[in-house]
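*Asks:* Below are the structure tokens for one structure; questions will follow.
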Amino acid sequence: MNLFCTARSHFFALGALVIGTCLASPLQAQISAMTSDGWHTWRVPAVDSAPEICCFSWSSGTVTRRGCDLDGRHGGFSTRSNGDFASDEIQMYALLDDGDIRELRALSSSCPVTASTAVTDLGPVTVAESIRWIEHLIESGNEHASEAIAAIAVHDGEQASDLLRKSARSNDADIREDSVFWMAQVRVTEMAADIKEFIFNDGDPDMREHAAFAYSQSGANDAAEVLIRQGRNDDNADVRSQAWFWLAQTEADESESEIGRAIREDIDKDVREEAVFALSQLPGERAVKALGDVLEDRNLDLEVREQALFWLAQDESDEAFEYIDRILSDN
């Protein structure tokens, strides 16, 4: 039987976690080695779709991978999809202080790290053991539930997927939302059906809205189709509004026509006006043209056309200024 000890955690982007546990297990010899203060590390198999988890710097639009300082309080841990440094393992780093685990950072095994003290290598750990160290944190009121969910999401195997499904059915709204988010971000191929169940059938409109957002950010091929379906059919005005916003963010080819249909046909005034704002989120000339089409459509409500003019005026591109100047000249 596994015996858990007290755990504490902090989360930096995707990659920084702090968890602690004690287990009676076949790995007892390795775990008992984690008794001295300082950093300890071990490896666990990563799900195939796990992104690169490391530290990056951003400059002039260029992202540069750099090593992580384990002792840095603000390490800038993040993730990105990058085949150059893909890894089939997650490297975990745990810091012990006076017998307690103070920090645990989950990084790609390819991510270089530095530390001011020696790092004790405990070698490989099975997915089952690693999950047992973490899963007890996923409970209502536990301040480290979010970090635990993020860590489990990058573990390989069906056990991790099943635990995400279970936590997504929690009575705690934050746990549910975190679980669905990581389903979409890391495991969307295998869990798309689960996420769509939340998008279309969950009884909580906040969850339907959140699940649609997560799916829109997942890179799924049918993200636009799913958002259009929600925008057309959801019975909650706020959910429909957000569906059009996230559709514009995907830059899908059908965005203008579908959002335009909502502007003309949705029964809710707020949805119609929010849909105009969604058009402003399209890239460059597409936004200018779409807003211009709304502005010049005299069959639309005056309030909707005014919204189009307002958002067009907020666009600081040359195309927007030229369009407004032409309208003023024509009138």
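*Asks:* May I ask you to list the aspartates and glutamates whose Cα is less than 13 Å away from that of LYS289, ignoring any residue fewer than eight positions away on the same chain?
*Replies:* Answer for LYS289, where 13 Å is the Cα cut-off: GLU256, ASP297, ASP315, ASP318, GLU319, GLU322, listed by chain and number.
*Asks:* What percent do you get for the relative contact order of the range 132-181 when only Cα pairs under 8 Å and 6+ apart count? Show your work: numbers first, answer last.
*Replies:* Details: 49 pairs, mean separation 17.1, N = 50.
Relative contact order, the range 132-181: 34 percent.
*Asks:* Is the shape of the range 123-214 best called rounded, prolate or oblate, per the rule: a/c under 1.5 gives rounded, else a/b larger than b/c gives prolate, else oblate, with a ≥ b ≥ c the square roots of the Cα gyration tensor eigenvalues?
*Replies:* Oblate.
*Asks:* Applying 1/(1 + (r/R0)^6) with R0 = 22 Å to the Cβ-Cβ distance of ALA173 and ASP238, what FRET efficiency is obtained, to the nearest 0.05?
*Replies:* Values: r = 16 Å, r/R0 = 0.71.
Computed FRET efficiency for ALA173 and ASP238 comes out at 0.90.
*Asks:* Once you keep just the Cα pairs under 8 angstrom separated by 6 or more residues, what percentage relative contact order results for the range 224-269?
*Replies:* Worked out over the range 224-269, it gives 33 percent.
*Asks:* For the range 105-131 and the range 178-247, what is the centre-to-centre distance using only Cα atoms, to the nearest Å?
*Replies:* Each part's Cα centre sits 34 Å from the other's.
Readers should treat all values here as calculations from the given coordinates under stated rules, not as data from a laboratory. Bear in mind that the values here come from a model prediction, so they are computed numbers and not experimental data. In this analysis, Cβ positions are derived from the backbone assuming ideal geometry, glycine residues included, and neighbour counts consider all displayed protein chains.
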